[in-house]
Structure formats: structure tokens, C-alpha cells
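K.L.:
The following block contains the structure, expressed as C-alpha cells.
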Amino acid sequence: MAALWTLSLLLSASLLGCLAMTSPDGSPLPHNLPPSLGTNISDGSLSVDLPMALRVFSMDYHHIQAPFEIVLWIMLASLAKLGFHWSGRVPAVVPESCVLIMVGLLVGGVIYGVRHSAPPTLSADAFFLFLLPPIVLDAGYFLPGRLFFENLGTILWYAVLGTLWNVLGIGLSLYGVCLLAQSSLGDVSLLHCLLFGSLIAAVDPVAVLSVFQEMQVNEQLHILVFGESLLNDAVTVVLYKLFESFLRLPSVSGLDVLLGGCRVVVVGIGGLCVGLFFGLLAALTSRFTSRAQVIAPLFVFLYSYLSYLTSEMLHFSGIMAIVTCAATMKQYVEANVSERSNTSIQYFLKMWSSVSETLIFIFLGVSTIQDIHMWSWPFVCSTLLLCLIWRATGVLLLTAFVNKLRRNAVTFRDQFIIAYGGLRGAICFSLVFLIDDFPKKRLFITTTIVVILFTVFVQGMTIKPLVELLYVKRKKRALPTLSEEIHSRLIDHLVAGIEDVVGYWGQHYWKDKFEQFNKKYLRRFLIRNDRQASSSILRVYQELERREQRGVEEEAPPIVDPRSQGRPLLPEEMESIRRILSRNLQNFNNKQTPAYSRHTLHQDTSVDRTRKPLYRHQSLGERYSYNTITHFQGEDGGLSEPQRVRTGLSRSHTVCSISPRSTLLDSSDSAGPAQTRSTDPKAAREDLVSPKHKETVERAARKHLSFVLENEKQQ
Amino acid sequence: MGSSSSISSAHLLRLYDRFESLDRDNRGCLSPDDFEALGGLAMNPIGGRIMEAFFSSGQDTVDFSSFVRILAHFRPTDRNRNKEGAQQELPSSRTRKLKFAFQLYDMDRDGKISREELLQVLRAMLGLQVTEEQLQSIAERAIQEADLDKDDAISFDEFKKSLEKTDIDTKMSVSFLK
């Protein structure tokens with residue numbers, strides 16, 4: 001492990017060397033090659049002089065410079081990430097974002113030392129057009145929809161009003177500070193302060209995601225902070241542009257402010273509509289991809305990116321557009337494309353967003369090493385303080401209001417985490433670079449960097465211990481029991497019914513209405529052969545069954561079906577078995593862990609699986625009585641219940657066992673030989689007990705899963 | 001109406017308005033037709049059972065006091081919060097709500113949810129999404145999870161126990177004021 005760390009360091013060092021050699025403005029000549037080599041430097045390439053005119057060896061760096069540098073940066077980012085995860089205790093204490101920024105600082109320092117000029121900075125265009133969309137797309141695709149909509153009111157409350165509160169508060173107080181420190185800060189006008197406030201107040205989704213997902217807080221808290229960071233983009237963008245245009249205007253009137261307010265609404269809703277449009281378009285396109293499955297994932301990315309670019313073009317909120325697009329298309333795309341395409345989509349999303357995030361943090365570090373810093377103690381310190389104070393008071397006040405309307409109140413501990421978890425990140429950084437030049441711009445840049453570093457390092461590192469200190473309700477990992485799920489569902493229906501009687505259009509009403517609309521029109525239009533979605537009760541049941549099968553050491557052997565014993569499987573049956581197995585292994589592998597993990601692909605457990613349901617033939621009633629052979633031979637009339645179940649099922653069933661060690665591809669292959677393996681012990685029917693035991697032992701050793709499949713014909 | 005299920009006068013007024021608007025033929029009491037006129041309730045999988053809960057004592061009309069008595073089960077809970085923000089659950093209100101839900105299952109009022117009763121509810125809720133065998137397995141599993149005294153039925157205490165982690169008070173509360 002230490003060796004790997006050293007290796008990655010060495011690699012990074014060599015990469016740094018390469019980077020140091022390259023110059024930022026693209027001039028082709030490598031300056032620091034010794035001229036004594038007798039090299040012939042002409043039009044950007046160098047070659048060794050030989051008597052013959054033909055160049056045997058030549059190196060043309062200029063030709064490939066741009067892609068080469070990009071790849072080197074990405075390589076550096078990825079190696080740093082790898083090293084981080086191999087480095088023992090570090091991930092537990094320091095969040096990834098901090099380590100990456102430190103690596104960036106290191107690299108920046110090296111480059112500065114070698115070249116004595118500023119290292120390449122993160123250009124705002126590159127950030128907004130290339131680095132930000134993948135992260136937001138990933139967040140939007142894996143957004144827990146139900147939770148988000150249940151808390152939408154609160155999230156909007158925090159996002160819009162909270163941001164306004166912060167912006168105005170920080171802006172005005174900073175102006176007060178500037179007035180007080182006339183000597184050094186006298187030329188910072190009110191509008192400048194407000195502009196600065198608007199870009200520094202916004203909570204950054206990238207930073208929030210990267211810190212929060214490493215500490216498992218309860219889902220509600222997570223969705224509140226995360227949703228706020230996503231939605232406040234609309235407000236931030238509008239306010240920023242508003243103040244910027246005010247700066248350019250000769251004077252500001254009340255009408256302009258009012259128009260600004262309208263602009264917020266337009267920007268937000270515009271982004272939403274653009275996202276919806278492209279999301280539905282993507283869903284429709286995915287319906288027709290059955291004959292060219294390989295490019296199906298591409299459409300997801302293309303449409304999302306298109307929605308982002310379109311809304312940026314129209315000066316709407318790009319973040320909202322891309323989130324809406326992803327959230328809209330998700331259920332339809334997942335139902336339409338094959339499992340492999342689904343996996344590809346998810347994997348690529350995770351990969352791109354991971355790379356993007358890493359790059360952003362590294363560049364943040366690199367860009368800190370600048371020679372354009374301007375330091376001013378009062379300004380920087382007061383900004384830091386004010387950010388914290390205004391956020392805390394904002395959260396307190398807003399929560400006091402919103403708790404009166406909510407069902408689950410936001411507790412004081414939650415409020416603390418929300419306030420403390422308001423991290424700033426790269427969005428502020430890029431926005432500050434975009435300000436028109438004025439004398440104190442460098443001060444703003446410095447302050448922004450300080451605030452970002454402070455929030456990411458100090459707040460990011462201490463939030464985990466603080467959470468543990470305050471015993472914030474952790475995420476409940478346990479799957480609800482089936483009874484809970486059934487009874488909860490009953491109560492949901494009950495409350496909906498009572499609401500009907502009382503005449504109150506509560507949230508259930510709209511939810512039901514939307515679900516009906518969805519089922520009747522949208523799904524039929526957008527999904528290719530829509531199979532009925534499995535209800536959550538069924539999903540919980542299946543999940544519980546699978547977990548049990550995984551955990552049970554002694555597998556009860558598969559039930560012998562008298563009629564199908566020894567019957568050779570028809571080819572279409574084999575095909576259907578293979579297909580079902582591959583689907584269900586994927587379900588099995590995916591359904592175990594929560595969403596929002598950066599490093600591995602985890603599945604949201606509420607994902608709709610419109611696949612054919614798979615269930616265990618041996619209902620649990622039978623497990624009680626498998627010891628008695630008489631039961632199987634149907635002599636015991638008392639235990640009629642499971643018997644009835646069994647005969648009902650034995651109409652058209654085949655028994656198959658597979659071993660879970662195989663991957664998706666192998667399972668279909670092992671299905672075949674496994675068939676013959678399992679039919680052999682069943683040959684002897686008189687003495688069922690001993691082959692069962694034998695099989696049990698075998699099975700325990702290999703951890704087989706038994707599945708009983710429904711025949712295709714039955715469907 | 002009892003102090004434990006007291007409803008504020010504003011709520012009562014509102015409910016009376018609603019009662020009057022539901023009572024189409026102005027007889028001062030509701031009949032099953034009035035309930036069936038509610039479209040949402042008709043489409044609800046357990047709509048019939050909810051309706052029957054109102055006509056509890058064998059009568060075929062519901063007067064206003066019974067109407068309110070049933071709806072009092074769903075009155076929004078008082079927010080009794082201590083400093084940490086955890087909600088104090090009044091044990092009696094929770095038990096009453098659970099009893100109401102329990103009675104939706106237990107149609108024959110024998111104090112237990114038998115397998116057949118559970119199956120009926122499941123059938124109504126899951127509808128055409130599952131096959132009969134799957135329903136059986138699900139019911140089997142649910143009973144097996146909850147049934148602690150192994151009598152193949154779920155008693156009220158077992159029902160309560162299986163829902164101990166769920167916040168019934170917030171789940172089963174309806175805001176009466178529009």
C-alpha cells in the first residue's frame with residue numbers, strides 16, 4: 001500500500017515534470033532543451049541532424065499539445081484520487097475534496113517554481129461548459145424523486161429566500177465594513193459589494209455532494225441541503241447578472257429591481273421547461289433504440305447536455321434544466337433500454353462526474369497559486385465571519401417559519417448541519433473571474449479563494465465529527481419489513497380516502513393524480529411495451545427474499561416437480577431462463593446499497609423494475625415442513641395451505657440453480673450446466689432427505705441460489 | 001365527544017360544512033350513496049372498507065357526531081415538542097389510530113387479521129400486478145414476520161409491534177382546514 005502510494009507519487013512527479021515543461025500560451029519551442037544537441041529546431045519540431053535529408057526521428061510536440069495537456073491533467077487527477085483511496089487512514093479524517101485541493105496546491109506550486117509564472121487557471125468557460133454539467137447530471141439522474149418532491153416546499157423556501165437573505169445580508173454588511181475601513185476599501189461601491197455577496201452566498205452542489213455523501217446523514221437532511229444547492233443556482237445566476245448589469249447601467253431604478261424579481265421566476269421556470277422538454281424527447285427517443293442498443297446510452301448524455309446548452313443560450317438556469325431533464329427521462333429510459341445499456345449509462349455518469357469533480361478541485365488548488373493576489377485583513381476576515389453569521393441566522397429564521405407547515409419538523413441539530421454544511425465551491429470561483437475588471441477585483445478573487453478554502457477545509461473536515469457529536473439521526477439502513485410496507489401502504493390509501501371525504505387536496509391527491517396521468521398517458525406513449533410496474537410491496541418482498549437467500553447458510557433444496565423431472569428444456573425456455581437470470585442477477589447486485597456514492601455504482605432501491613418478477617417457489621410455510629417426506633407426497637392433508645400453493649405453482653415450472661459468484665455474462669452460461677447438475681440428485685424420489693442434505697452441504701459451500709422461474713407460456 | 005378526541009371549533013365548523021355538502025338530499029345524515037358520489041373514494045382500493053368504517057354500528061346512515069368521531073382519529077396531532085425537536089407521541093392517540101387501521105383489515109371483528117383477510121386487502125391494493133401465487137407468498141411472508149404467537153393470524157398487539165418504527169401520528173393525520 002505504501003508502495004502504491006510512492007509509485008503514484010513518482011508518476012505524479014514525472015507528470016509534473018512534463019507539465020512544467022509545457023508553456024501555457026502554446027508557443028511551440030521547448031526552451032529548456034540544451035542547444036548543444038545539434039538539434040534542428042524549425043517550425044515547432046525538432047530533429048536530429050543527419051547527413052541525409054530524411055528525418056529518422058522527430059518529435060512534434062506542438063501538434064498534439066492541447067489534447068496531451070488535457071489528458072495529463074486528467075491523469076494527474078485520477079492518480080491522485082487513486083492514491084487517496086489507498087492511503088489508509090486519510091479518507092476517514094480528510095474529505096476527498098480537501099486532499100485534491102492540496103494536490104492542486106502542490107502541483108501549482110511546482111509549476112510556479114519551475115516556470116516563475118502563474119500556472120494555468122480554470123477558465124470560466126471550461127468550468128461552466130465542460131466541468132459542471134456532468135456533476136449536475138449525475139446528481140439529477142440519481143435524485144431520490146419522492147423525497148425531493150415531499151420536501152420541495154422547504155427546499156424552495158431555503159433556496160430562494162435563504163439565498164436572497166444571504167446575498168442582501170452579506171452585501172450590505174460588507175458595504176458597511178468598507179465604509180468603516182475607508183482608508184483601504186473606500187473605492188468599493190455598494191453595487192460591487194452586492195455583486196460579491198451574490199456570488200459568495202451561494203451554496204455549491206459539488207462541494208456539498210462530496211462532503212455529505214461521505215457522512216451518512218438521514219435522507220431528509222441530505223435532500224434539503226442538496227436540493228437547496230441545486231435550486232439556488234437560479235437565484236444566484238439572476239442576482240449575479242442583475243448586479244452586473246446594474247454596474248454597467250448609469251443608474252438603477254425601482255423598475256429595474258422589480259424586473260429583476262420577475263427575471264428570477266423566468267429563469268427558474270424557463271430552465272425547468274427546457275429540461276422537461278428535452279427529458280421527454282429523450283424518453284421518446286429511447287423507445288426506439290431496441291435495434292441499436294449500443295448507442296442508447298449516448299442519447300441520455302446528448303439530450304441532457306443539449307438541454308444545458310440550450311438553457312444557457314437562453315440565459316436560463318442551466319443547472320435546473322439538466323436536473324429536470326435527467327429526473328424526467330430516468331424512469332422511461334430505464335424501462336426502455338436493455339440492462340447493459342442501463343449499466344453503461346450509470347457507469348458513465350458516475351465516471352464522468354467523478355473525473356469532473358476531481359478536476360475541479362485540483363484546479364481550485366492550482367489556481368490558488370497566483371501572483372495577482374491582493375490581501376486585506378478586514379475584508380477577508382469580515383467576509384468569512386459574515387458568511388457564517390448570515391447563513392446561520394438565515395437558516396434559523398427560515399426553519400422557524402417552515403416548521404409550522406411541515407409534518408416532520410427540522411430539528412435544531414438538522415438546522416446546525418444545514419447551516420454548517422453550506423460549503424462554497426468552484427461556482428463562486430468561476431463567477432468571480434467573470435467580473436468586469438475594476439481596481440479591487442484582485443481583492444475579490446483572493447477573498448473568494450480564501451472563503452472556498454476555509455469552507456472546504458475547515459467546515460468539510462470538522463462536519464463529520466460534529467455530526468457524530470450531535471448524534472444526528474443517521475440514515476436508516478434497514479429495509480422496511482414486508483408487514484411495515486403493507487400496512488404503510490394501507491394507511492396511505494386510508495389517508496387518501498379520508499382526505500377525499502374531508503375534501504382536502506393534500507399532497508396525496510396530487511401525487512395520485514400525477515401517477516394516474518403518468519400511467520395512462522406518459523408511460524404508454526414513452527415506454528416500449530410497458531409491463532406493469534411492480535409496486536413497492538412486491539419490490540420489498542423480492543428484496544427480502546433475496547437477502548434471505550443470500551444469508552441463509554443451509555439452503556433448503558429446490559422443490560422437486562414431479563412432472564418436469566427429467567424433461568429436457570425447450571430452447572425457448574432456456575432462452576427465457578437465461579434472460580431472466582441475467583436480469584435478476586443485475587437486480588440482485590444492484591439493489592443492496594443506497595444512492596449517492598461517488599466511488600461505486602449504487603442503485604436507488606426505489607428504482608422501478610418492470611421486469612418479470614421472480615419469486616421463490618418454496619414459500620416459507622413449506623420450509624417448516626420440509627423434514628417430513630409425507631408432506632411432499634401429499635399424504636398429509638392438514639398442511640393444505642402450502643400444498644395448495646405448490647400445486648398451483650407446479651403447473652409449469654422449471655427448477656434451476658445458479659451460483660452467484662458469476663458475473664452478468666457468466667450466469668447465462670452456468671444456467672445450462674447447472675440445470676443438469678441439479679436434476680441428477682432429484683432422480684431418486686423415495687429418499688428425498690439424504691440427497692437434500694448432500695445438496696445442502698454442497699450448496700452451502702458454494703452458496704447457490706435457488707430460483708423457480710415462471711414459464712414463458714404462463715405470461 | 002370526549003376530551004381525548006377534542007377538536008377545535010374551527011375544525012368542527014369546517015367539518016359541518018363538509019357534512020352538509022356531502023348530504024345531498026339534506027336528511028341530516030349520510031347514506032352510502034353520498035359516499036359513493038365521491039369519485040376519489042370510489043377509485044380507492046380500500047374505498048369500500050373506509051366507507052364501512054363510517055357505518056360502524058350496523059346502521060345505514062351516518063349522523064354528524066359519528067362522522068366527526070371517525071374523523072377525529074385523523075386530527076392533526078398537537079406539536080408537543082421538547083427541545084430536541086422530537087415529537088412526543090401520546091400513547092392513546094397512537095393506539096386509537098392503529099386500532100382504526102386494524103379494523104380495516106379485520107372485517108369480521110374477531111380481533112385478529114387472518115390470512116384470508118390479509119389476502120383480501122393485498123388483492124385490493126396490488127390488483128392485477130401480481131399473480132395469485134405471489135399474493136399467497138407475500139401474505140405468507142407478512143404473517144410469518146409479524147406472527148409472534150404462531151397462531152397464523154395477526155393480533156392487534158402484533159400489528160402494533162410491526163409498526164413500532166413507523167411514525168403513525170404524522171402519517172395518519174389529515175389537515176381539516178383547507
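K.L.:
If r is the Cβ-Cβ distance from A:ASP436 to A:ASP492 and R0 is 41 Å, what FRET efficiency results, to the nearest 0.05?
P.N.:
Values: r = 54 Å, r/R0 = 1.33.
It comes to 0.15.
K.L.:
Using a basic spin-label model with each label point 7 Å from the Cα along Cα→Cβ, how many nm lie between A:GLN65 and A:VAL458?
P.N.:
Distance between label points: 4.1 nm.
K.L.:
While we're here: Give, in nm to one decimal, the length gained when the segment between A:VAL294 and A:LEU259 is fully stretched (0.36 nm per residue of separation minus the Cα-Cα distance). All intermediate terms of the calculation are to be shown ahead of the outcome.
P.N.:
Details: separation 35, 0.36 × 35 = 12.60 nm, distance 4.74 nm.
Result for the pair: 7.9 nm of gain on full extension.
K.L.:
Points 7 angstrom from Cα along the Cβ direction at A:ILE74 and B:SER65: gap in nanometres?
P.N.:
7.7 nm
K.L.:
Can you pull the three principal axis extents for the Cα set of the range B:10-74, in Å, largest first?
P.N.:
Result, largest extent first: 31, 26, 24 Å.
K.L.:
Right, something else. How many Cβ atoms of partner chains, on average, are near each residue of B:31-41 if near means within 10 Å of its Cβ?
P.N.:
On the way: counts 0, 0, 0, 1, 3, 0, 0, 4, 1, 11, 6.
Mean shielding by partner chains, rounded to a whole number: 2.
K.L.:
What is the fewest-to-most order of A:HIS487, B:HIS73, A:HIS63 by other Cβ atoms lying within 10 Å of their Cβ?
P.N.:
Values: A:HIS487 28, B:HIS73 20, A:HIS63 12.
The most exposed by this proxy come first: A:HIS63, B:HIS73, A:HIS487.
K.L.:
Given A:LYS241/A:LYS520; A:LYS330/B:LYS160; A:LYS404/B:LYS165, which pairs have Cα atoms separated by over 32 Å? Numbers along the way, then the final one.
P.N.:
Details: A:LYS241/A:LYS520 42 Å; A:LYS330/B:LYS160 37 Å; A:LYS404/B:LYS165 24 Å.
In this structure, A:LYS241/A:LYS520; A:LYS330/B:LYS160 exceed 32 Å between Cα atoms.
K.L.:
Just want the ordering: A:PHE401, A:PHE149, from fewest to most Cβ atoms lying within 10 Å of their own Cβ. Present the calculation step by step, with values, prior to reporting the outcome.
P.N.:
Working: A:PHE401 11, A:PHE149 18.
Starting with the residue having the fewest Cβ neighbours, the order is A:PHE401, A:PHE149.
K.L.:
Follow-up. Per-residue Cβ counts within 10 Å, from other chains only, averaged over B:162-168: what number is that? Display every interim value, and only then the final one.
P.N.:
Numbers: counts 6, 6, 1, 5, 6, 2, 3.
Counting Cβ atoms of other protein chains within 10 Å of each residue's Cβ and averaging gives 4.
K.L.:
Between A:VAL93 and A:LEU152, what is the label-to-label distance in nm when each label sits 7 Å out along the Cα-to-Cβ direction?
P.N.:
4.5 nm
K.L.:
A further question on this structure: For a protection proxy built on the mean count of beta-carbon atoms within 10 angstrom, sort A:494-500, A:297-303 highest first, please. Don't skip to the end; give the middle numbers.
P.N.:
Working: A:494-500: 23.6, A:297-303: 20.6.
Per-residue mean Cβ counts within 10 Å order the peptides as A:494-500, A:297-303.
K.L.:
Still on this structure, I have one more. Work out the mean other chain Cβ neighbour count within 10 Å for the residues of B:142-148 and drop it here as an integer. Could you put the intermediate results ahead of the total?
P.N.:
Values: counts 9, 4, 7, 7, 6, 1, 0.
Across the residues of B:142-148, the mean count of other-chain Cβ atoms within 10 Å is 5.
K.L.:
Something else now. Using packing as a proxy for protection, rank A:357-366, B:160-169, A:161-170 so that the peptide with the highest average count of other Cβ atoms within 10 Å comes first. Write out the running numbers ahead of the final one.
P.N.:
Details: A:357-366: 27.0, B:160-169: 16.7, A:161-170: 21.7.
Final packing ranking: A:357-366, A:161-170, B:160-169.
Bear in mind these aren't lab numbers, they're just calculated from the coordinates by the rules spelled out. Computed from a predicted structure; not experimentally measured. FYI the Cβ positions are ideal-geometry reconstructions off the backbone, even for glycines, and counts take in every protein chain you see.
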